[in-house]
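Here's the structure, in structure tokens; my notes come after.
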Amino acid sequence: MSREIASYVSHNKDLMKLYQSNSLRDNIADSLLTDSILIPQQIAAAEQSESYAVRMRSATFINIIIKNINSYCIGLEKDGVKEKEYLNLLRKEVKSFRRMYKVWRRAMRK
């Protein structure tokens, strides 16, 4: 979903080069993509590690990413994205993911 939103809202349609853009909207779209890609990587790192500290570090990082994604939605709105229903859909998915994340995080502590 993040990839589609980034593609839709960005001025530069080459998603691999968003980081090179001087546009705030493109930079936010790039950050949205990057952070979204990091979530499954951090989940995998936590699940594969036997170290409680590593698992908690990954879980904390995922929590930060969730907050970042919500901030990116606000940033895109402030930059003039008129299709707020897409951003609201992403927020809804993030909220749903956050509920599952909290259950997963509690289970890791055991």
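Throughout, read-outs are computed from the coordinates displayed, never taken from laboratory work. Keep in mind it's a predicted model, so treat the numbers as computed, not measured. When we count neighbours, we look across all protein chains shown, and the Cβ atoms used for this are built from the backbone with ideal geometry, even at glycine.
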| said: For Q20, only one of the following conditions fails: (1) touching a residue at least 24 places away in the same chain (Cβ under 8 Å); (2) over 26 Å from M108 (Cβ atoms). What is its number? | reply: (1)
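This table checks each residue for (1) closer than 18 Å to R3 by Cβ; (2) hydroxyl-bearing (S, T, Y); (3) touching a strand residue (DSSP E or B) at 6+ places or on another chain (Cβ under 9 Å).
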| position | (1), (2), (3) |
| --- | --- |
| L32 | yes, no, no |
| A46 | no, no, no |
| S49 | no, yes, no |
| R55 | no, no, no |
| C73 | yes, no, no |
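So that you can scan it fast, the table gives a plain yes or no per residue for (1) within 30 Å of H11 (Cβ to Cβ); (2) touching a residue at least 24 places away in the same chain (Cβ under 8 Å); (3) under 14 Å from the mean Cα position of the chain (by Cα):
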| site | (1), (2), (3) |
| --- | --- |
| A53 | no, no, no |
| I62 | yes, yes, yes |
| I66 | yes, yes, yes |
| N70 | yes, yes, yes |
| C73 | yes, no, yes |
| K78 | yes, no, no |
| V81 | yes, yes, no |
| L90 | yes, yes, yes |
